[in-house]
Structures are given as structure tokens and as C-alpha cells.
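Asks: Take this structure first; my questions come after.
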Amino acid sequence: MQDKLIDIKNEAVAQILAAKDARELEDIRVEYLGKSAGKLTLLIKKLPGLPPEEKAIVGQFANEVKQTIEETLQAQKKAIQKEKEANIAETEKIDVTLPAVFPPEGHLHPITKTLKEVYEVFKFMGYQMITGPEIETDEYNFTRVNMPKDAPSRDAQASFYLDTRNSKIYPGEYLLRTQTSNMQSRALERIRPPFRVFSPGKCFRVDDVDASHGFEFWQFEGILIDKNITVTNLLGTLDFILKSLLPGTEVRFKSGHFGFTEPSIEAMIRCTICGGRGCPYCKNLGWSEILGSGMTHPNVYKAAGIDPRGWTGFAFGMGLSRLALLKNQIDDLRVLTNSDLRILKQF
Amino acid sequence: MLIPLSWLKEYVDIKIPFKDLAERLSEVGLTVETWHEQDGDIIFDPEVTPNRPDWMSVYGIAREIAAVTNSKLKNQNAKLQFKINKSLKIDIKQNYDLISRMTSVIIKDVKVKQSPEWLQKRIKQIGLRPINNLVDITNYVLWVYGSPLHVFDYDKIRGHQLIVEKSAGGEAFRSLDGIDYHLPNGAIIIKDLGRIVDLPPIKGGQNTAVSTETKTVLLHSVVCNPILSRRASQALGVRSDSSAVSERGVDPNGTVAAVDLALSLVLELAGGQVASEIMDHKTQEFAPWTVEMSHDRLEKILGIKISSREVKDILTRLGLEVAGEYKVTVPTFRDDLHIEEDLIEEVGRIHGYNNFPKTLPAGPVSTAPVAYARDFDLEFRVKSLLKGDGYSEIYTYSLVGERQLVDLGIDPGKTLRVDNPISRDFEYLRPRMIGNLLEAMKLNQANFSDIRLYELGKHYTGPTIGKAKEEYWLSGAQTGEKFYEVKGIIETLLIQFGVPYEIKPDNTSAQGHPGRSAVISSGDKLLGYLGEMHPALLARFGIKGHVSGFTINYDTFTSLVNLNKKYRPISKFPAVVQDVSLIIPEKVLYGDVLEAIWSTSKLIADVQLLDKHEQSTTLRITFQDTTKNLTDREVNELRAKILKKLAELGVKNKD
Ligand SMILES: [Zn+2]
């Protein structure tokens, strides 16, 4: 009986050490240790038939054999695994230069991306975002921001007037807003000062379409009303906003003229095309106008029923479309309304 | 308007290089960006803001240059001495509401001929064509002083009378350059005995124009009502150099100097004798006015410290008279200065905004909700989600053409429209974005097989302007029969933003596929639609293949967003999972089956569709009691209850 056990042990160990993979090892385990027909299992099943003194010795030896086989199986299993791992560089090699499998990837529009930046800068400065109607009355769009009927300053903002058929509204009363300044009228009317708000949105003007003009475009307007607000506050705010939105730019100011502000100030930035050396785009000046602003005109407060002596503040407006062009080096305004994915995928 | 530098130098010393001058003028608001060199002179084209008609003249610009460069303004043209022979008369019937001042003079025995070289050169430099000495003189003086002048052939004025009137509308008028106009109502006209002889400030009439035979002329300078001038110009679509300056308001005290200069030039270049006194018809004396400004308020608004000496110096250089601190007398050529803020601007701009320190407002920052507030963070998160779904964002025009509306099955007669579209393609305000979306899909189909686009923008609805409404909608489309993908995108959106929703079949939409469309609602609120587009609609837009899409009322969506999260611990007790195979009759919707199962017990934690064949549908139901272990008996009872409920719908258990 013991000889038989020794034979089984030697035979099993030899087989195990010759095994090449996990499946072979499993076959060997079943051959010797299988629950029903394993060679060692069958022998052990015969143990109860042995005389008691022999049974104890053989029993212990049989256990040692079983343990040896199991340990050898484990050791060989580890050895095989180790060898396999050592070779995966070759056996599991792939060509990493083959094309990637891309997840579906959409794109945000440059206006949205630019607005996000604008939003973050304003949020940082404590401005809340507001939006309002695009179909607007002449009163909110013009009159309340001190651009009365027949004011020459309206000439630059030719309006689309709404067809008033089948309504009780007079022709000319409703238009598509030409500027986000309609939100100056509305904010002053509805928001109790002090406040800081900004309002981006679409504006409409009767204009020919070319690389730098369109009849629909985006603007944003910033409005701050408080006590003791000064021109230096306005200049500091504009300087901060422009340098945040266009890192590395330089800012200069010049006197301007807008109905809704007095004094009125325009901001200029270093020409983004030539960097200030002078080029056709900036008419060789090295600077280009980017923003209109000023201290809110007393008439604007009066139109909203606010005492102009009690409050001071400023407003400024800037082309969001224009900023999106500058930030993405787009040379044609029409790109922003072109839905060609060959364009959209670039952003 | 073109300004030659050499002409300016007749009135002011300019010692700095032109480029520096242009920069300095631009800084104070007179933008000089375009110029060219011509025969050793520089001709520039300043952009004059509407508040500064005084800058529409050589003398006015010279005055500004003198102020900003602190140099002397040279003497005005010396007054000419002449003899007056009051032999000729003109009967002028003024209307001061139309023309607040008219300064006239008659000159006889003039010789109409070509202008001398120097005058022709100036006329050419400013972009005009020399005509004859008299007409050239009027243009020359207009350029010098910004006061419109007109010269009539005195002998052609019937009845030797001039009557200022408003046009009634429809009158015919032939201008001196031979163009026929039908006048609008309310234009300023001057008549002689029965004829319109002048349309000030736009154009003079041919019937009284100066010719080579002209012997006697009437020269006058007029100050026209700016609003009427502007309206007439707009109605006629004509803007002359005179009307451009008149619309902005000419200096009412400028006519006398203008006539003086013109008269002296006529006598010099055309000879003749003054045949009338200088007739000055004016509604009133145009006196300067005073505006008060306090130094305290000046510094409070500008935010700088400035000496009162500098303030006085700046204002004086600009031609204003200053007394005390500060009582400022404003001359009539500065009609833009009427309130304290106007004067503060003068000090600020001449002091130079680039010399100001930059500070930030120190006041409070409010976080209280405001009117018109918009949550951009939410908008950006929604867009980022769609970006992750492979959707690209587009921005399209709000104005669309009638053709698109018709293709969408929308009645243009009940769509908001503008009276003055730039073209028929951009005439109506879009009541839906889907038309633009489909056009964008078509644009891309030649280059892409998988197209996914969306826009967050406005719908403009209401059959008339009186009932107009603007609402933000979120609309998207993608190629293919992708109902379930689109449904997944929309459900993810609604779940992520905490919007409760229901999705039900819908066959009411004209744009949706009648068998593959669904309506999305939240309680009694309509959220939108999703599904495949109607094949007939796609054909009308020239789109090949299938398109699926969605449209969500973004305003309703945002009103329902709930981003509050409440943590629920993971149950300590194991869940029990059971699969059931069902035979669902064709007319029973899966949604009804789901609803029946969910309504059975609160212990149902999840129901998943595992498998769906024609005959059999396998569901995996998860039971979970967060307070104790579920026993086999309890689970079996729940299962039996579910099957019983389903049986009521006609759904059989396959096992
Ligand atoms: Zn440049």
C-alpha cells in the first residue's frame, strides 16, 4: 500500500512539473485527487479495510502524499502564471498606433464658449446674469435709454419693425431690439439698486451681410448702479474685464458718444491681427474699438423713475459675436451662423 | 466729410506730426482713422459723432485742435468793407418753426465763371466737383463754418418773393442737378410766386439755379429745423452735405459769418455790387446760456482730484466762458452742453481718460434674486450633457423665409413678421427651430453619415404682435431611426436635473412620424416631444434617410429643475432578484405593464427589461425591503400579486 502511494506521488509530481498550462494542471488534479475517481482518492477509500495499526501509519502517509501533490500543484500553477506574465509583451502585443475608438463627441458653439468666459468674469465681479425680450417696444429699446425719436444717434441702428396686422398696436411701436440696452431700461425699472447685472443676447439691425456685418448678432451689456460710482471705477472695471477676456491685451480709452451715458467712453484694445504694429484691419492705428460705455445719463434714471441725484452708475456694451471671432481667430461673422459640422467640429 | 490738413492750418498752428494729432483727436472723441496723402497735403475723413455738428467744419475742428494742443486759434476771416446799394428787394415770408434763421443778401452784376485754381483745388480736395465760382463759394463756406448756403438766380425768382412752407406731400420738385422728386409730407420748402424753388437743407431747385447768364444773385444761409430736415432726408433717401449738418443742428449764430465770408468771396471772385442790406430773419436773439457745475460733483463723478485752475483752463480753451466755480456760459455752437454732466464730460475727455487711475467699485454685491434672472450655470450643464451625447451646438437665424414655414406646415398668415425684411428669406420670426435644424441636417448630409445637432434658442409665437410670446426651446436632431437613443438622451437629461416626467405615444404632431413620436409631460405641463421626423417632412427639406429628434420647452424645463439631493443609505438587507417571462398582447404598451408592476408594492426597487422577442418579454424585478430580510414566501406572494395585476391587462405569464 505504501509503495503504491509512493508511486502515485512520484508519478503525480513528475506530471505536474511537466504541465504547461492551467488546464493541464486541472486534469492532473482530477486524475489524482478527483472526488469520485482520483487515483489517490480511490486508494484512500480503501484505508478503512486495513488493520488498525497499519491504518494509522498508512493513513498519515496518504495524507502527506495528498499534501505534497496539492502543494506541487499550487507551486506549478504559480510558476506557469509567472512564466506567462513574463511573456505577455510578446504574446498579447497589439499595435498601439492603430486608430482610437472615440466616444461620441459633440461641440459647444463658439458663442456659448465665449459667453461662458464672459459669465465667469462677471460672476467673479459680482454681476448677476439677466435676459429679456428680443421683440421690444421702441420705448424700451430707444426712448428710455435717452435715444428719443428723431435722434440722429438712431441712424446707426436701423430697426426691423414688426408687422402689426390684426392687432391694436401702432406700426413702429414694436421692433426687434437693436441693442441689449433694452435691458438697461428694464433693469432700472424692475431691479432695486444697488445692483450689478449683465445681459447677453441676440440683437437685430437692418444691415447688409458681409464678413463683418450681419442682421443678427450677439451683444452683452453690463450695468452697475450704486452710490458714489466714478469714472475711475468704470475704467478699472473695463480694464479688468477686457484683460480677463483677452489675456495679454492692452487697453486704451477714448471719449465717445452714446445717448444713454454722460460722460461716454469707448475702450480700445491692441489690434489682435498685427499686435499693434499697424495693419489694414486696424487702419494702421494698432488699436481697435471694442466696447462702448459711460456713466448712466440722468435722463435714463428719470425714465425709470429713479432720482438721478441719489444714484450713480455705469453701463457698457460689447459685441459677443465680435469677441467670439477674436478669441477663435475667425475672420468672417457668417461663420457663427454656419451649421456645417466641418466648422462646428473645430471648437 | 473730407478735411485737408493745409486748410486747417489756415486757422490753427499744428506743430505735432499728423499721426499724433489723429491719435489725440480720436482720444477726445473726434475719431480720425482714415486719411490719405495727396499732392503733399493730408486729406482725412473724421467720424463725427451726432452730438457734435460743430466738428463738421474746418473751423470747428481747428477750434478743437486749438483746445487739445493748447495752441492759438487764428483770427477769423477779416470783415470786408463794402458799399451797399439798396436797389433790389426781396419779400421774404418766414416760418420760424421751419427755418429759425435766414440770413440773405442780394448781389448784382456778378460774373459767373470758373473758380480760380486755389478754389477749384479745395473743392476737389473735399471730394466735390467744381461747378462755377458762385456754387463753389457756397460749398467752400459750408466747409469752413458748417453753415449751409444757397445761391439763387435773383432774376428767376418770380415775384421776387420767398415763402417758407411745409410740403403737403406729392409736390413735384426738380433739383438743380436735374433729378425729379415727389416730396413727402412735412418737408421744408421755399416757394416763389407759385413754384417750389428750394428744398432746404437738402437741395436747391433747377428753376432758380445760377447759370452763366446769371447777373444778379440772392445768397442766403439757413438754419433748418433738424427733425424736419432728418425726416425729409429719410423719406427721400437723399442726404446732401448741407442736410447732413442740418440734421444735427447748425449753429444759429453761424449764418452771419457764413454770409459775410461768402459775400466777400463773391465780390472778390465774381465781382458785382451788394444790392441789398444783409437781411437777417430770425425768430429770436440766439443767446448763449449758462450751466452750473460744482467742483465737488465733478470730482465725485470723475473720481479724480483736479485743480480748479485746470478745469477753468480746459473749459476756456474749448471756447466756453467760465465764472467762479463754475458758472459756464455756453456758446450756441455747443448745443450738446446743457447739463452739469455734459460739462463734466468736457473736463474728463480733455484731461484724458488714459491719465485716470483705474479702480474697482467698492459697493455691496447682491445675491438676492433679481427680475429677468437667468441661470447660465444650468444652461451650460445642459449643453455639456448634450455635448457628451455627441451633439454639436448650432446658432441659427431667428428670421426665416415663408418657404420654410410652408414646408413645416405652418401658416405664414399667423406667424410674426417684420415689415422691412432684408430679403424674403428672412421675413418671419421662427415659431419653431425645427426648420433651421432640418436645413442644418441637410447641409451636412453630403459630408457626414452620423449628424447630431441641437440649438437652444427662442421660438417666437402668437398669431399677431399683440399676442407675441418668446420662449426658449431646446431642439435637436440626429440621423437614423434612433427613437430609443433619443429617448435615452432626453430621459437622462430629465433625471439628471430632477424633472419628473412621463412619455406617452403621440400622433398629433404634423412634423413627427405618426407611429414613432411621443409627447413628454410633467404633471399637467407639456415639456416637449421626441421621436422620428415624418418622412414627408424630410422629403420636403430634401433629406435622405431617417432623422430622429427632440424638442423641449426649455422655460418649462428650468421651472421644474430640482437639483436638491437627499442621501439614502444603501440597504443592509440583501435584495431579491426574480426574472419573469411574459406574453404581452400587441395592443398593450410596455409602459402600462411597467406601471402595473410598480403600482403593486413599495418593495419593488427596480424593473428591467431583459429580453424582448415577438412572443415573449422577460423582465427582471428587484425586491428590496430596507428594514428586514425578505423571505421566500413574501417574494412569492409579491410575484403572484404582480402576475395577477398583469393578467387583468391581458398579460400572461409564460412559465
Ligand atoms: Zn492691426
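Since every read-out is calculated from the coordinates, none of them should be taken as a lab result. Since the model is a prediction, treat every value here as computed from it, not as a measurement. Here the Cβ is made from the backbone with ideal geometry for all residues, glycine too, and neighbour counts use every protein chain on show.
Asks: To the nearest 0.05, what FRET efficiency results for residue B:354 and residue A:279 with a Förster distance of 25 Å applied to their C-beta separation?
Replies: E(calc), rounded to 0.05, equals 0.65.
Asks: Along Cα→Cβ, 7 Å out, is where each label goes; now give me the distance between the ones at residue B:309 and residue B:95 in nm to one decimal.
Replies: 5.6
Asks: Counting Lys and Arg as +1 and Asp and Glu as -1, what is the net charge of the other residues whose Cβ lies under 14 Å from the Cβ of residue B:275?
Replies: Charge balance in the 14 Å sphere: +1.
Asks: Could you check the simple spin-label distance between residue B:629 and residue B:38, using points 7 Å along Cα→Cβ, in nm with one decimal?
Replies: 10.2
Asks: Compute the distribution of all C-alpha to C-alpha distances in chain A, in bins of 20 Å from 0, and list the percent of pairs in each, rounded to whole numbers.
Replies: 23, 32, 9, 11, 18, 8, 0
Asks: Another question, then. Below 9 angstrom from the Cβ of residue A:267, what's the summed charge of the other residues (Lys, Arg +1; Asp, Glu -1)?
Replies: Taking every Cβ under 9 Å from that of residue A:267, the sum is -1.
Asks: I've got another one for you. To the nearest 0.05, how large is the calculated FRET efficiency for residue B:113 and residue B:424 if R₀ is 51 Å and r is the Cβ-Cβ distance?
Replies: Given R0 = 51 Å and the Cβ-Cβ separation, E is 0.45.
Asks: Output the peptides A:313-326, A:115-128 sorted from most to least packed, where packing is the average of other Cβ atoms within 10 Å over each peptide's residues.
Replies: A:313-326, A:115-128
Asks: Also: Let me make sure I get this right: for segment A:1-62, a, b and c are the square roots of the gyration tensor eigenvalues over alpha carbons, sorted descending. Under 1.5 in a/c it's rounded, otherwise prolate if a/b > b/c, else oblate. Which is it?
Replies: prolate
Asks: How much length, in nm to one decimal, is gained on full extension between residue B:10 and residue B:447, taken as 0.36 nm per residue of separation minus their Cα-Cα distance?
Replies: Values: separation 437, 0.36 × 437 = 157.32 nm, distance 6.52 nm.
Length gained, residue B:10 through residue B:447: 150.8 nm.
Asks: So if we plug the beta-carbon distance of residue A:78 and residue A:24 into 1/(1 + (r/R0)^6) with R0 = 22 Å, what FRET efficiency do we get, rounded to 0.05?
Replies: On the way: r = 15 Å, r/R0 = 0.67.
Result of the calculation: an efficiency of 0.90.
Asks: List the cysteines of the protein assembly as shown that have no other Cys Cβ closer than 4.7 Å: which are they?
Replies: By the Cβ distance rule, which asks for a partner under 4.7 Å, the isolated cysteines are A:203, B:224.
Asks: Same structure again: Taking the alpha-carbon distance from residue A:9 and a cut-off under 29 Å, which lysines remain once sequence neighbours fewer than 8 residues away in the same chain are dropped?
Replies: Cα-Cα hits under 29 Å: A:20, A:35, A:39, A:45, A:46, A:55, A:66, A:77, A:78, A:82, A:84.
Asks: Where does chain B land at 222 nm, in deg cm²/dmol rounded to the nearest 500, when only DSSP H runs of n ≥ 4 count, each adding -39500 (n - 2.57), divided by all residues?
Replies: Values: 19 runs with 197 residues, N = 655.
Computed ellipticity for chain B at 222 nm equals -9000 deg cm²/dmol.
Asks: Assuming 0.36 nm per residue, please report the length gained on full extension of the stretch residue B:129 to residue B:362 beyond their Cα-Cα distance. Let's see the in-between values first.
Replies: Details: separation 233, 0.36 × 233 = 83.88 nm, distance 5.83 nm.
Answer, rounded to one decimal: 78.0 nm.
Asks: Helix-derived [θ] at 222 nm for chain A: sum -39500 (n - 2.57) over DSSP H runs of at least 4, divide by residue count, nearest 500?
Replies: Details: 12 runs with 138 residues, N = 347.
Helices in chain A give a 222 nm mean residue ellipticity of -12000 deg cm²/dmol.
Asks: Rounded, prolate or oblate for segment B:91-282? Axes are the square roots of the Cα gyration tensor eigenvalues, ordered a ≥ b ≥ c, and the cut-off for rounded is a/c under 1.5.
Replies: In terms of gyration-tensor shape, rounded.
Asks: How far is helix B:18-27 tilted off the main Cα axis of chain B, in degrees rounded to 10, range 0 to 90?
Replies: Result, in degrees: 60.
Asks: Given bins 10 angstrom wide, list per bin the percent of all Cα-Cα distances in segment A:168-296, short to long.
Replies: Final binned percentages: 11, 33, 37, 15, 4, 0.
Asks: While we're here: So how tilted is helix B:58-69 from the main axis of chain B? Cα-based, degrees 0 to 90, rounded to 10.
Replies: 70
Asks: Something else about it: Stretched out fully, how many nm does the piece from residue A:1 to residue A:190 gain, at 0.36 nm a residue minus the Cα gap? All intermediate terms of the calculation are to be shown ahead of the outcome.
Replies: Working: separation 189, 0.36 × 189 = 68.04 nm, distance 10.42 nm.
Separation in residues times 0.36 nm, less the Cα-Cα distance, equals 57.6 nm.
Asks: Where the Cα atoms of the protein assembly as shown are projected onto their three principal axes, how long is each span, largest first, in whole Å?
Replies: Principal-axis extents of the protein assembly as shown (Cα, largest first): 166, 60, 52 Å.
Asks: Quick query: amide H of residue B:533 versus all other amide H atoms, modeled in the peptide plane; which residues come in under 5 Å with a sequence gap of 5 or more or a different chain?
Replies: When sequence neighbours closer than 5 places are left aside, the close amide H contacts are B:513, B:547, B:548, B:549.
Asks: I want the local charge near residue B:311. Using Cβ-Cβ distances under 15 Å, sum +1 for each Lys or Arg and -1 for each Asp or Glu among the other residues. Show your work: numbers first, answer last.
Replies: Numbers: positive: B:297, B:300, B:305, B:309, B:312, B:317, B:327, B:349; negative: B:292, B:296, B:299, B:310, B:313, B:321, B:325, B:340, B:341, B:342, B:345, B:346.
It works out to a net charge of -4.
Asks: Residue by residue through B:15-26, how many Cβ atoms from other chains fall within 10 Å of the Cβ on average?
Replies: Working: counts 0, 0, 0, 0, 3, 0, 0, 3, 5, 1, 1, 8.
Rounded to a whole number, the mean comes out at 2.
Asks: From the Cα gyration tensor of chain B, with a ≥ b ≥ c the square roots of its eigenvalues, which class applies: rounded if a/c is under 1.5, or else prolate if a/b is larger than b/c, or else oblate?
Replies: Prolate.
Asks: Further question on the same structure: I want the antiparallel fraction of DSSP beta bridges within segment A:110-344, as a percent rounded to 5.
Replies: That works out to approximately 95 percent antiparallel.
Asks: What is the distance, in nm, between label points placed 7 Å from the Cα along the Cα-to-Cβ direction at residue A:67 and at residue A:92?
Replies: Using points 7 Å along Cα→Cβ, the separation is 3.5 nm.
Asks: How far is helix B:376-388 tilted off the main Cα axis of chain B, in degrees rounded to 10, range 0 to 90?
Replies: 60
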